[in-house]
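I have a structure I would like to understand better, so I am pasting it below and will then ask my questions one at a time.
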Amino acid sequence: MKRNHKSFYEGSSLVSVLWLSFAVATLAGCGGIVLTQNSDPPPGTGSISGTVMDDSTNQPVAGAIVLLEQLDTGGIDRVIKSATTASDGSFAFSALPSGNYDVVAAASVPSGDQATSTYAATVTFRVPLGATVNKIPLVPEFGNSMPNGQPADIAGHVTTSGGGPAQVDVKLSALQQAAPEGGSPVEVTIPTFTGSTPDITTTVSPTCPAGTACVNYVLAVPSSDPVVGTFNSSGTTYTIPASGPVEVIYLIEGRAFIHGSNGTPTCMPSSETAGPVVPRGTLPSRIPNLAFQGCQ
């Protein structure tokens, strides 16, 4: 089933230069691939704002998570900034460098009587500086076998080693595939909800495999495919995926950093993915465990 929604634009002209938040992966001496991180870009003066609404009630959604993302050289939409919507469903990002951005919104919020409402992620591609993206629709999880509205929990295990146990900081992301109008599919970073542990540190424990440090993790995510639209100055059209029995697929990515370095890559390679993980559907699902070796 497909439905269209219009969202109107107030803002400045399109700016075409993309700032990439992560540099190109570089070949290591032993033939592996290591991700290197660019320094933060200079602050800009641009802004992007908008409102988030419940598609079924047309009411604002307070407490929704909104991620501002840009595509890196590996085809993954990386988080540049994040915000939480106010009581009127509004959000705003400021001090942005030149470029186009993708806005990703999702929510898992109390809905009264101790119930929870969880919404599929909505992706608005190619939003220019100065845009106000009004009435971004959040669609309650569709085709969901969990009637209590709770998000799906994806749980796994991370091990790190480098000639022995190595304590490492790991940044985890839940990725789903989506495509802008007329463009190729990309992996979009999906917001994770309360109870998630996206930032973890491995430690030595009797429960770890021999010669490793380890830690468990959980990511609470929507159990639906994303709703997708591509920004248009005359109104953004959003497409809701079919609500029938379909597989909802995630990839789990982990990026490893030297413990306490606040962003210096480690391990060989320093980025790993696991999946496909299927929180709803009939496809076989891999346990999303990650193993990093050659860590400093």
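The values are calculated or read from the model by the stated rules, or taken from the named source; none is laboratory data. Bear in mind that the values here come from a model prediction, so they are computed numbers and not experimental data. Note: ideal-geometry Cβ built from the backbone for every residue, glycine included; neighbour counts use all protein chains shown.
Determine if the stretch 213-223 includes at least one residue that is within 22 Å of Thr273 (Cα to Cα), among the hydroxyl-bearing types (Ser, Thr, Tyr) and in contact with a Ser or Thr (Cβ under 7 Å, 6 or more places away or on another chain).
Within the stretch 213-223, one or more residues are within 22 Å of Thr273 (Cα to Cα), among the hydroxyl-bearing types (Ser, Thr, Tyr) and in contact with a Ser or Thr (Cβ under 7 Å, 6 or more places away or on another chain).
Can I ask one more? Every residue in the stretch 171-227 that is crowded, with 22+ Cβ neighbours inside 10 Å, of a type in the set (Val, Ile, Thr) and either under 14 Å from Ala155 (Cα atoms) or out of contact with any Leu (no Cβ under 9 Å at 6 or more places or on another chain) (or both), please.
Passing the criteria: Thr192, Thr202, Val221.
Now for a separate question. What strands (runs of 3 or more DSSP E), lying completely within the stretch 40-111, carry at least 3 residues that are of a type outside the set (Ser, Thr, Tyr), more than 17 Å from the chain's Cα centre (by Cα) and modelled with pLDDT of 95 or more? Don't jump to the end; show me each part of the working.
Values: elements: 46-54, 65-71, 76-84, 90-96.
The strands (runs of 3 or more DSSP E) meeting that bar are 46-54, 90-96.
Still on this structure, I have one more. How many residues are surrounded by 22 or more Cβ atoms within 10 Å (Cβ to Cβ) and not charged (D, E, K, R) when one looks only at the stretch 97-125?
Residues in the stretch 97-125 being surrounded by 22 or more Cβ atoms within 10 Å (Cβ to Cβ) and not charged (D, E, K, R): 15 in total.
Let me ask something else about it. Take the conditions at pLDDT below 95 and under 30 Å from Gln296 (Cβ atoms) and apply them to Gly163. Does it pass?
The answer is yes for Gly163.
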